[in-house]
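This report concerns only the one structure given below.
Please treat every number below as a calculation from the coordinates, not as lab data. Remember, it's a predicted structure, so these values are computed and weren't measured experimentally. Cβ sites come from the backbone with ideal geometry, for glycine too, and all protein chains shown count toward neighbours.
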Ligand code: 13P
Ligand code: SF4
């Protein structure tokens, strides 16, 4: 363990802090993280932790969700530049315009959205529970934002029972994967299984052997008898799989599958925010009280699905 890691771990104890890290973070952050996972897993941890301080090694909306779920705790983001480019594609005016084009249709928002946008949505989803949550609504149509690809993938998974009207947002990192990248990767690693995140374009999810959230992809590998995989999501997932399964082979679906904003946070930043308590996340109380409803509704559906 290096000196910085030791310093962070002892400060964590002293301040009763917990570190949540998304699977897209720089891999060395796992050395100090208490929980590493996808958006759903981390938001569930944020809701139930009894720590006084949450350091969210992820992007801004994730820290905002943690603050809304634990309003009495201090939540810090190691680097304030860590926004989500997809979440930034819709603001409250865009949302109002989208809703006015489709009045009286329930609104489902991907957790990758701002707190303000969440105040005007009926229920939230993450990539790992989107199908179950939309299904639970039992309605003929929904509006879905901001990710058009996740929304259309959900519609497809539901087999036509619910029309999903999507907002034209997307993730610039996942969008970069092209069908020719998958074809080339398959030539490079024959008989490999292609595992893709649902933020990828439809052509890619159609080609994949499995589609799921970052954590679902990791679980798929854990339970698969296969030993070769092409990973169609951000590099952090591929890096962790290579570390965790030395007897299996993983290649990224394309070069440089990096979310630049996820990569801002370093161990030094984590140490600094923990020491100086800078970069605290605040959410306006009125906004938080409204926005948290759609997150709690999502968590209720998820708990029900998990206990089934
Ligand atoms: P997960 O729901 O898989 O954590 O995805 C979040 C995200 O931002 C993917 O780009
Ligand atoms: Fe946002 Fe895409 Fe980065 Fe995920 S990978 S945080 S969706 S920009």
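Label separation (residue 137 vs residue 122): 0.5 nm, computed from points 7 Å beyond Cα along the C-beta direction. Tell me the relative contact order for the chain as a rounded percent, counting alpha carbon contacts under 8 Å between residues six or more apart. It comes to 23 percent, rounded to a whole number.
Once you have a ≥ b ≥ c as the square roots of the Cα gyration tensor eigenvalues for the chain, tell me rounded if a/c is under 1.5, and otherwise prolate or oblate according to whether a/b is larger than b/c. Oblate, since a/c reaches 1.5 and b/c is not below a/b.
Mean separation of Cα pairs under 8 Å and 6 or more residues apart, divided by the residue count, gives segment 200-286 a relative contact order of 21 percent.
Of 150, 77, 158, the residue with the greatest mean-square motion in the GNM of the chain, using alpha carbon springs below 10 Å, is 158. Calculation over all alpha carbon pairs of segment 1-139 in 5 angstrom steps from 0 returns a P(r) of 2, 10, 17, 20, 19, 13, 9, 6, 3, 2, 1, 0 percent. Counting neighbouring Cβ atoms within 10 Å and putting the fewest first, the residues 20, 137 line up as 137, 20. If the elastic network links every pair of Cα atoms under 10 Å, which of 198, 71, 246 fluctuates the most in the Gaussian network model of the chain? So, out of 198, 71, 246, the one fluctuating most is 246. Among 277, 116, 14, which one moves the most in a GNM of the chain with springs linking Cα atoms closer than 10 Å? Looking only at 277, 116, 14, the largest GNM fluctuation is found for 14.
Spacing of the modelled spin labels on residue 81 and residue 7, each 7 Å from Cα toward Cβ, amounts to 2.1 nm. For a test of the definition: using alpha carbon positions, the gyration tensor, and the 1.5 limit on a/c, classify segment 50-208 as rounded, prolate or oblate. Oblate shape, in that a/c is at least 1.5 and b/c is the bigger or equal ratio. Oblate is the label for segment 194-269, because a/c, from the alpha-carbon gyration tensor with a ≥ b ≥ c as root eigenvalues, is 1.5 or above and a/b does not exceed b/c. Computed on the Cα trace of segment 1-82, the radius of gyration divided by the Kirkwood hydrodynamic radius gives Rg/Rh = 0.93.
A crude spin-label estimate for the pair residue 161 and residue 188, with each label 7 Å from Cα along the Cβ direction, gives 3.9 nm.
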